[in-house]
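Asks: I'd like to ask you about the structure that follows.
The values are calculated or read from the model by the stated rules, or taken from the named source; none is laboratory data. Fair warning: this is a prediction, and the values are worked out from it, not measured in the lab. Here the Cβ positions follow ideal geometry from the backbone for every residue, glycine too, while neighbour counts run over all protein chains shown. When the accessible area is computed, the model is the full protein with side chains, heavy atoms only, and any ligands, DNA or RNA have been set aside. Shrake-Rupley method; radii C 1.70, N 1.55, O 1.52, S 1.80 Å.
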Amino acid sequence: MQQFFEVINAINGVMLGVPMLLALLLVGLIFTVWTRFCQYRSLTHGVGLLTGRWTGSQGEGAISHFQALSAALSATVGLGNIAGVAIAVELGGPGAVFWMWIIGLVGMALKTTEVTLSMLYRDTSDPDNPHGGTMWVAKRALPALSGHLKTAAPIIGALFTLPLILFALTGGNMFQAWSVSDTTHAYFGIPPWVSGIVLAVIVGLVILGGIRRIGLIAGTLVPLMCVIYVIAGLFVIFINRETVPDVLALIFTSAFSPAEATGAFVGASFGTAFIFGMKRALFSSEAGLGSAPIAHSAVKTKEPVTEGVVAGLEPFIDTVVVCTITALVILTSGVWQRDAQASFDDVPTFVQTDAGWKPAVSALPEGDWKAGSQVFMVVDTDTGRQRLFGTVEQQGIEWRALASESVPRATDAGLYADYTGATLTAKAFDSGAEGLGKWMVTLAVWLFAISTIITWSYYGEQGVVYLMGNRAIVPYRAVWCALIVVACLGFIRTSAELDSISTVGLGFMLAINLPIMLVLGHKMTREYRRYFARIRSGDIRPTNG
């Protein structure tokens, strides 16, 4: 499996490297200027559309503005906010939070643009089940730019569906399922495969109902869990309020300078904070990916711009609000830089094996250890400070081999419990009130995972329909549910592996979607300005006006 993750990391290193992330920022800033700060319109007019003060005339479609927003939010407000933020802080340090905020703000412009384009070019041949997304934008809009693109346009759309389906299977499905099973096992000792089977059955029953049932379930689960989660998060932050000023200062200073290694945290450079903050915010908000327009394209409206304005609220709710609360809970609790759970009698030395360097000690120090759980020690190598992981077994610790030119050196005699993703967030909530993380976060993980998995099943399904037609829906759904169980069988073990498997596909989606947005952006901004010009002229009025 180590070679598998090395290949995945190499792909992500290229496709989600600094150049791609900078391109994402640049495109977001361009559309912020072109739309004259559409973020403001989303926070004002978008809220009005949701509350009914403004309403677009009813048109072809299957769900309302609120259901579309809830369905799209169910794919974004979920484990990306719970587990994803934990990974960003654990691997990128406090500075990663700053870069998450940046993506959240420019992501509002990206989301408004891509959803409006999708609404302009959606396929409504079946009025009760419209199809939309980047693949349809490419197929329908690019030939209008040039006759030479008539043949290439459907192929470009098909190329987009491949990473869309890949990310749906990994980030939208397996990441969620693994996080559920890991948190449930950590607190209740339930075997991961049991959680996987239960989750697969629940998801299977929901996705059989299509987008209408998904919209109904998401519209119920997401607002309820968001309110519960936000209130619980604010409670923990209040308990740890004395540390909030220092944490906020640390977020800003660590965004542009290295974060010092302390306890379980092995330190992070500016580049690491930038990459993990941007990557996890992108994973959470989906801004610029071209995925959320698939759900929004099913909305009932004759005004394409209205749904784009509503969609702009997603990155704000998801990243600026919910992700920030999670980050502050983790940082104020101190669990991200926790002390060792136990200590060896002496600082371990290392021996060289055929696979690499391993600690000379395998006996477990006294402590509350569960068989199968992950532990680590902090070591210095020729490439810097890092974690060396091992698995708790009946006879002791089975260490993984570490590749290093020189002999690794343990920084101390400490042995740390590995809190991966959502489990780290749950432990942080426990700092506010004993058992809060155990019960509230576990419940949130299950509900958010269910809502995210069912929405991403629809996204991936639309990609499959574009490629192979409706005949492929049933086999796709069967594979989808099977992979939920597969993800819980133990091949993912650490935060780094979870980060790798959950983000493969993102870079390819960006590489196709961003150029399409730039090429067709003038059509979106023209419609956007016309819509608000009609409001100013009085052609469109509030429902109470």
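Asks: Find the lysine pairs in the chain meeting two conditions, Cα atoms under 30 Å apart and a separation of 8 or more places or different chains, and report how many there are.
Replies: Summing the qualifying lysine pairs gives 24.
Asks: Expressed as a rounded percentage, what relative contact order does segment 228-311 have, with Cα pairs under 8 Å and six or more residues apart?
Replies: Values: 27 pairs, mean separation 10.9, N = 84.
Reported relative contact order: 13 percent.
Asks: Please give the contour-minus-distance gain from V7 to A511: 0.36 nm per residue of separation, less the Cα-Cα distance, rounded to one decimal in nm.
Replies: 179.5 nm
Asks: Per the Cauchy relation, a quarter of the hull surface: what is the mean projected area of the convex hull of the alpha carbons in the chain, in nm²? Don't jump to the answer; show the numbers that get you there.
Replies: Values: hull surface 100.2 nm².
Projected over every direction and averaged, the Cα hull of the chain covers 25.0 nm².
Asks: Note the angle between two axes, namely the Cα long axis of helix 473-486 and the longest principal axis of the Cα atoms of the chain, as a number of degrees from 0 to 90, rounded to the nearest 10.
Replies: It is inclined by approximately 20 degrees.
Asks: Once you keep just the Cα pairs under 8 angstrom separated by 6 or more residues, what percentage relative contact order results for the chain?
Replies: Numbers: 1030 pairs, mean separation 168.1, N = 545.
Across the chain, relative contact order equals 31 percent.
Asks: Just in segment 226-294: which GluC sites (Glu not before Pro) are loop by DSSP and have at most 12 other Cβ atoms within 10 Å? Could the numbers behind the result be given before it?
Replies: On the way: sites: E242, E260, E286; in loops: E260, E286.
Here the sparse-neighbourhood loop sites are E260.
Asks: Which is the longest part of the chain that has none of the chymotrypsin sites (Phe, Trp or Tyr not before Pro) sitting in a DSSP loop with at most 16 other Cβ atoms within 10 Å? Intermediate results must be reported in sequence, preceding the final value.
Replies: Details: sites that count: F37, F256, F491.
Looking at the chain, 257-490 is the longest stretch - no exposed chymotrypsin sites (Phe, Trp or Tyr not before Pro) with at most 16 other Cβ atoms within 10 Å.
Asks: At a 1.4 Å probe, what is the % contribution of carbon and sulfur to the accessible area of segment 271-333?
Replies: On the way: 550 of 840 Å².
Carbon with sulfur: 65 percent of the solvent-accessible area.
Asks: Quick one: order I275, I454, I237 from most to least accessible surface, probe 1.4 Å. Please list the in-between numbers first.
Replies: Numbers: I275 50, I454 0, I237 25 Å².
These residues rank, largest area first, as I275, I237, I454.
Asks: Also, I was wondering about something else. Excluding ligands, DNA and RNA, what is the solvent-accessible area per residue of segment 91-154 at a probe of 1.4 Å, expressed in Å²? Write out the running numbers ahead of the final one.
Replies: On the way: 2020 Å² over 64 residues.
Accessible surface, normalised per residue, equals 32 Å².
Asks: Show me the GluC sites (Glu not before Pro) within segment 365-406 that DSSP assigns to loop and that have at most 15 other Cβ atoms within 10 Å of their Cβ. Walk me through the numbers before you get to the answer.
Replies: Numbers: sites: E366, E393, E398, E405; in loops: E366, E405.
Hits after loop and neighbour filter: E366, E405.
Asks: Helix 175-188 versus the longest principal axis of the chain: what angle, 0 to 90°, nearest 10, using Cα atoms?
Replies: Long axis of 175-188 versus the principal axis of the chain: about 40 degrees.
Asks: Once you have the Cα-Cα distance between I535 and Q395, take 0.36 nm times their residue separation minus that, and quote the gain in nm to one decimal. Spell out each step's value before the answer.
Replies: Working: separation 140, 0.36 × 140 = 50.40 nm, distance 7.19 nm.
Value of the extension gain: 43.2 nm.
Asks: Something else now. May I ask what percent, to the nearest 5, of DSSP beta bridges between residues of the chain are antiparallel? Before the final figure, lay out each step's value.
Replies: Values: 25 of 26 bridges.
Looking only at bridges with both residues in the chain, the antiparallel portion is about 95 percent.
Asks: DSSP loop (so not H, G, I, E, B), at most 14 other Cβ within 10 Å: list which trypsin sites (Lys or Arg not before Pro) in segment 270-361 pass both filters.
Replies: On the way: sites: K279, R280, K300, K302, R338; in loops: K300, K302, R338.
Listed in order of number, the matching sites are K302.
Asks: Let me ask something else. With an 8 Å cut-off on Cα pairs and a minimum separation of 6 or more residues, tell me the relative contact order of segment 260-388 in percent.
Replies: Working: 74 pairs, mean separation 33.2, N = 129.
For segment 260-388, the relative contact order is 26 percent.
Asks: Suppose only helical runs count, i.e. DSSP H with n ≥ 4. What mean residue ellipticity at 222 nm does that imply for the chain under -39500 (n - 2.57) per run, divided by all residues and rounded to the nearest 500 deg cm²/dmol?
Replies: Working: 22 runs with 317 residues, N = 545.
Helix contribution divided over all residues of the chain: -19000 deg cm²/dmol.
Asks: So, one more: Provide the gained length on full extension for the span D246 to L489, in nm with one decimal, where the gain is 0.36 nm per separating residue minus the Cα-Cα distance. The partial results should precede the final answer.
Replies: Working: separation 243, 0.36 × 243 = 87.48 nm, distance 4.05 nm.
Separation in residues times 0.36 nm, less the Cα-Cα distance, equals 83.4 nm.
Asks: What is the angle, in °, between the Cα long axis of helix 244-254 and the longest principal axis of the Cα atoms in the chain? Nearest 10 is fine, range 0 to 90.
Replies: Roughly 80 degrees, rounded to the nearest 10.
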